[in-house]
Every structure is written in C-alpha cells, then in structure tokens.
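The values are calculated or read from the model by the stated rules, or taken from the named source; none is laboratory data. These numbers were taken from a predicted model, which means no experiment stands behind them. Quick reminder, even Gly has a Cβ in these numbers, built from the backbone with ideal geometry, and neighbours come from all protein chains shown.
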Amino acid sequence: MTGKQVRWGILGAAKIAREWICPATHKSERGVVAAVASRGVERAQALAAPYGARALDSYDALLADPEIDAIYVPLPNGAHVEWTRKCIEAGKPVLCEKPISLKAEEIDGLIEARDAHGVFAAEAFMVTHHPQWLRVRELVQGGAIGKLCHVQSAFSFNNTDPQNIRNMPDQGGGALRDIGVYPSVVTRFVTGEEPETIRATIDWDMGIDATARVSADFPSFGLDFYVSMRMAAQQFVTFHGDRGWLTVKAPFNARLYGDTVIEHRDESGRITLERFPLADQYAAQADAFAATIFDGADYACPLEFSRGNQRMIDMIYAAAE
C-alpha cells in the first residue's frame, strides 16, 4: 500500500493510545504519530517522545494545528460525542475510540455534522479491518456453511479494580459498552442484518453492567452471547449453518487470546483450519482511514454502521430492564 501519509494527532494519553493505537499507527504504511495533546503536558510528552512527536498542553491547540491531518480520540466514553463533533467542526477527520456515543440518537448529530462540514468521522472498530473477518464474511455470505441459523459468542476478562475506568459508571463504564459491542459488530458486519427483538439479563456490580447475557432475533438467524468483566479471559465466535459451521478462535484480540485461526466444518464433516499471519488490526485500521480521507475509498464501518451498533446496545439495556 502506498500513498500520502496521515499526520495523526492523539487527543489524550489514555492507556489504549499508549499501548495499542500509537505503536500500530506509527508503524502503519500510511500513518505517523505527529502530535499528542493532554491537559497534563508531562503525559503528552511521555507519549509523544518515542515517536518524535510534538507535545501540546491543550486539546484545542491540537484541533487548530495546521500540521495535523487527522485526530484520534481515546477520551473517556462520555466525552466522545463532544470531541468528535469539535474535531469535525475544526475540519479535522476524526477516528474515535468506541463507543463513539452512549445513545444511538447522539450519532445522528455527528452524521449531520460530518455531512455539513464534509469531514470524515468514524468509530474505531478495528476488527472490521482484520483479514480474518473479511474472510469470515466471504465464507458465510458465499454459502460455505449453508444457510446461517445461529451465531454464538463470548468475550470476558476479570477486572474488579474500582479505579479502572471500565468500572466507573460516571465515565460510561460497563461490559456492554467496552466489549459487548464486539459480538454485535462482527455479527452485523458478516451478515448485513440488524436485530429485530432482544432478550437480556444483566448482573450489576459497582454501578456498572459487569456481566450481560443476550439473546437476539435477526431476520434470518439468532444470536446468543455473553460478555463479562468478572470472568476469566475467553473469547470466540461461532457461525452455525445447516450444512456446516465455522469458529473464529481469537476474534477480537488475537495477540492476547490466542492464534488467529478459523476452524471450518463442512457438510462432509471434514474440519479445516485456516490460519492467518499475525496482523496488526490497528495498523490496518489506520491505513484504511488514510485510504478513505486521501483516496476516497469506502470505509468498512461508517457512522451509519456505528448507529446500528449503538442501537443494538441500547436495545440490550432496555430489554434487561
């Protein structure tokens, strides 16, 4: 992949920016970390230094910087809509960490701002850029398992730290917003369908949804999944058809949860394993973003896709009530 590089500005020094986004973006083919802004300049300097990037002591300074082509927003969940909108209004293409909003209708305003200003904005669903998910979509839609009947998934880890932002209700914490989005995203991405009805139960702890069990009816298949921040680490997704099934072994965080493998059982009963080279889905995301803002390429998950996903999360919370 070749083409003009994106000079990224990082709006905040959150853990995901430090550990995942900045290293991947800087080594991507079409991106470099050019500046970091934080309300504590020392934090900005610490994150900027490994990349030879500039450190800024305010978010507004980053938005006004003429040498920044696009901005990544890793702020607490409740600040995502505000700063995504501010980036758009400043003329800066923006990639916002998920969830981009806490309610689906909030995304409507972002879509309106995007269209009014002609500035691209998207939510950071890195999985939609991973080669394994492009392959899963190809297999399922190509009839490799026959008619899709059911999807089953799980995503869990154990985090009881009251100081962790995921356990803070006033910061938009909770399992559904942090990891529940992923079974929803990949199911919708692979099938192109939206849920019609949902049943759900939630276990609350520390004021947040610590565990959620969800059953959703889509037009032509069903989905069952659970997500938890109080269970040992686990993740998988299985697509079950009338002539076979396939399981994605490490669907969301390959490096942390295992090898990137698709296990496929066909109609004859033969099982094959399709392995993928270690791919950095965050780097792929950065390159896809560059191709969209510079080359006009289609983007895998535009804001309309995000609105559908947040609508599903909203339906889960409502069903659990």
Please go through (1) within 30 Å of Arg275 (Cα to Cα); (2) more than 20 Å from the chain's Cα centre (by Cα); (3) part of a strand (DSSP E or B) for Ser156 and return the number of the only condition it doesn't satisfy.
(2)
Please specify each residue of region 21-74 satisfying the condition of being farther than 14 Å from Val6 by Cα, among the aliphatic types (A, V, I, L, M) and surrounded by fewer than 19 Cβ atoms within 10 Å (Cβ to Cβ).
Val41, Ala46, Ala49, Ala55, Ala61, Ala64
Check whether at least one residue in region 171-187 is at pLDDT below 95, assigned to a helix (DSSP H, G or I) and over 20 Å from the mean Cα position of the chain (by Cα), and report yes or no.
no
Counting only residues that are in contact with a helix residue (DSSP H, G or I) (Cβ under 8 Å, 6 or more places away or on another chain), hydrophobic (A, V, I, L, M, F, W, C) and under 19 Å from Leu110 (Cα atoms), how many does region 50-97 have?
13
Cross-chain or 6+ apart pairs with Cβ under 9 Å, region 195-210 first and hydroxyl-bearing (Ser, Thr, Tyr), then outside any strand (DSSP E or B):
Thr197/Met315; Thr197/Ala319; Thr201/Ala319; Thr201/Ala320
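A quick yes/no check of all residues on (1) closer than 20 Å to Ile198 by Cβ; (2) part of a helix (DSSP H, G or I); (3) charged (D, E, K, R):
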residue	(1), (2), (3)
His240	yes, no, no
Pro251	no, no, no
Ile262	no, no, no
Leu273	no, no, no
Pro277	no, no, no
Gln285	no, yes, no
Phe305	yes, yes, no
Met312	yes, yes, no
Ile316	yes, yes, no
Please verify whether region 257-272 includes one or more residues that are closer than 28 Å to Thr160 by Cα and in contact with a Ser or Thr (Cβ under 7 Å, 6 or more places away or on another chain).
no
Looking only at region 183-214, how many residues end up being surrounded by 15 or more Cβ atoms within 10 Å (Cβ to Cβ) and either not acidic (Asp, Glu) or not assigned by TED's automatic domain parsing to the domain that holds Gly142 (or both)?
20
Ala49 being in contact with a strand residue (DSSP E or B) (Cβ under 7 Å, 6 or more places away or on another chain), small (Gly, Ala, Ser) and part of a helix (DSSP H, G or I)
no
